[in-house]
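Report on the following structure.
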Amino acid sequence: MKFLLLFLQFVAEFMRLGSIIVYADFSRLIICTKKSRVADALGYVEYITASMKNKELFHAIDLKLINCWECFMWLDSVR
């Protein structure tokens, strides 16, 4: 239960910092930055990750950028 609450606070912090959550589970978080250039989006993600790592509540979470897409289409599992 505590792990779920921590996860919800983690996702809420991303939203508070201006990210749009596309997908989130315990091992992956996909966000939309609404930036028009990849370089701007990467800078934004660096800012968010630094901000999250500075919060004592999230020190135990390993947060790193794996992929970055300029255009991303999402097809949900219902189809």
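Only the coordinates and a few stated rules stand behind these numbers; no lab work does. Please read all numbers here as calculations on a predicted model, not as lab measurements. Counting neighbours? That spans all protein chains shown, and the Cβs are built from the backbone with ideal geometry, glycine included.
Considering only the other residues whose Cβ falls under 15 Å of the Cβ of Phe58, what net charge follows from Lys and Arg at +1 and Asp and Glu at -1? It would help to have the intermediate numbers written out before the result.
Working: positive: Lys2, Arg16, Lys53, Lys55, Lys64; negative: Glu13, Glu56, Asp62.
That sum, taken over residues with Cβ under 15 Å, equals +2.
Between Leu6 and Ile66, what FRET efficiency comes out of the Förster formula 1/(1 + (r/R0)^6) with R0 = 25 Å and r the beta carbon distance, rounded to 0.05?
Values: r = 21 Å, r/R0 = 0.84.
Once rounded, the FRET efficiency stands at 0.75.
Thinking of segment 2-58 as a set of Cα atoms, what percent of all their pairs are more than 15 Å apart? Above the 15 Å cut-off, segment 2-58 has 50 percent of its Cα pairs. Under a GNM of the chain (C-alpha, springs under 10 Å), which listed residue has the highest mean-square fluctuation: Glu46, Glu56, Glu13? Highest fluctuation among the options: Glu56.
Backbone amide hydrogens, once placed in the peptide plane, bring Ile31 within less than 5 Å of Val22, excluding anything fewer than 5 places away on its chain.
Subtracting the Cα-Cα distance of His59 and Glu46 from their residue separation scaled by 0.36 nm leaves 3.1 nm. Placing R0 at 25 angstrom, the Cβ-Cβ distance between Phe26 and Trp74 gives a FRET efficiency of 0.85 after rounding to 0.05.
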